[in-house]
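Below is one structure, written out as structure tokens; the observations come after it.
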Amino acid sequence: MRSITITLNDEEQALLTEEYKKMSIDWLRCRPGTLPPAFEQWLTDRTMASVRESALRGTETEEIRAIDAIEKLITGLRPNGFGLVHFGKAGIEPADSAEELADKMASELGLSRTRAHRIRELLVNYAKHPKEIADAGHVVVTRRTYGALHEAYRELVLRTEKARKRLGEDKALGRVEGGVAILVSLNVMTREAAQAKTDAFKLQQDSIG
């Protein structure tokens with residue numbers, strides 16, 4: 001076995017000697033008939049215990065940092081315009097998918113089973129159904145494109161009016177009705193407004209005809 005030499009000053013030597021004496025007294029009191037380990041063996045055991053404890057504390061600290069980073073990522077998605085969505089797989093519940101993903105993440109990051117459970121909780125609590133994400137995004141898109149869609153409809157009507165003779169009354173009306181139907185499906189226009197625009201186009205056709 002390789003030997004290691006440690007140099008101690010007088011104060012450090014005195015502190016260790018005093019601690020060794022206390023350990024020896026406790027040893028003889030609790031284990032009569034046996035001898036305490038030699039000073040060198042006691043010092044080696046004491047040092048290794050300290051090293052192991054430091055290593056465990058270091059691992060614990062790294063795991064806490066990793067979980068903290070994952071939690072900040074997941075909880076920070078929605079406020080920044082992103083979404084954590086669960087599309088699902090046939091016959092598998094969201095919680096099961098979250099557990100599978102959490103186990104994979106924990107394995108890749110070298111985290112404990114306890115930490116994997118925390119990741120699973122985060123995924124389950126913050127994952128949304130695809131429809132929720134789509135609906136949330138749809139509102140934003142509608143606001144941004146509301147004016148553009150109405151302008152596109154106005155241009156469609158103008159082009160249809162110009163091509164009315166070529167298209168014929170039925171096709172021209174069908175094109176306009178199709179346009180307003182799209183706007184209604186996107187919640188850009190109410191059914192009442194769509195009906196009013198269709199009726200106005202019909203009246204215009206009748207007056208021209």
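Express in Å², to the nearest 10, the accessible area of residue 99 obtained by rolling a 1.4 Å probe over the protein heavy atoms while all chains stay in place.
70 Å²
Given the protein chains as shown and a 1.4 Å probe, how many square angstrom of residue 21 are accessible, to the nearest 10?
Here the residue's solvent-accessible area equals roughly 110 Å².
Determine, from the Cβ-Cβ distance of residue 129 and residue 68 and an R0 of 30 Å, the FRET efficiency 1/(1 + (r/R0)^6), rounded to the nearest 0.05.
Calculated transfer efficiency: 0.65.
Give the accessible area for residue 97 in Å² (nearest 10); use a 1.4 Å probe, count only protein heavy atoms, and leave out ligands, DNA and RNA.
We get 20 Å² for residue 97.
Pull up all non-local amide H partners of residue 77: gap of 5 or more, or a different chain, and H-to-H distance under 5 Å with H placed in the peptide plane.
Amide H neighbours of residue 77: none.
Show me, for region 189-194, the HN-Hα J-couplings you get by feeding each phi into the Karplus relation (A = 6.51, B = -1.76, C = 1.60, θ = phi - 60°), rounded to Hz, glycine and proline as x.
9, 6, 5, 5, 5, 5
Could you give each residue of region 62-71 its phi-based ³J(HN,Hα) in whole Hz, using Karplus coefficients 6.51, -1.76, 1.60 with θ = phi - 60°, and x for Gly or Pro?
Computed from phi, the couplings for region 62-71 are 5, 5, 4, 5, 5, 5, 4, 5, 5, 5 Hz.
Separation between the residue 26 and residue 165 pseudo-spin-labels, each 7 Å from Cα along Cα→Cβ, expressed in nm?
Calculated label separation equals 10.9 nm.
The values are calculated or read from the model by the stated rules, or taken from the named source; none is laboratory data. Bear in mind that the values here come from a model prediction, so they are computed numbers and not experimental data. Quick reminder, even Gly has a Cβ in these numbers, built from the backbone with ideal geometry, and neighbours come from all protein chains shown. We work out accessible area using only protein heavy atoms, side chains counted, and drop any ligands, DNA or RNA first. Shrake-Rupley method; radii C 1.70, N 1.55, O 1.52, S 1.80 Å.
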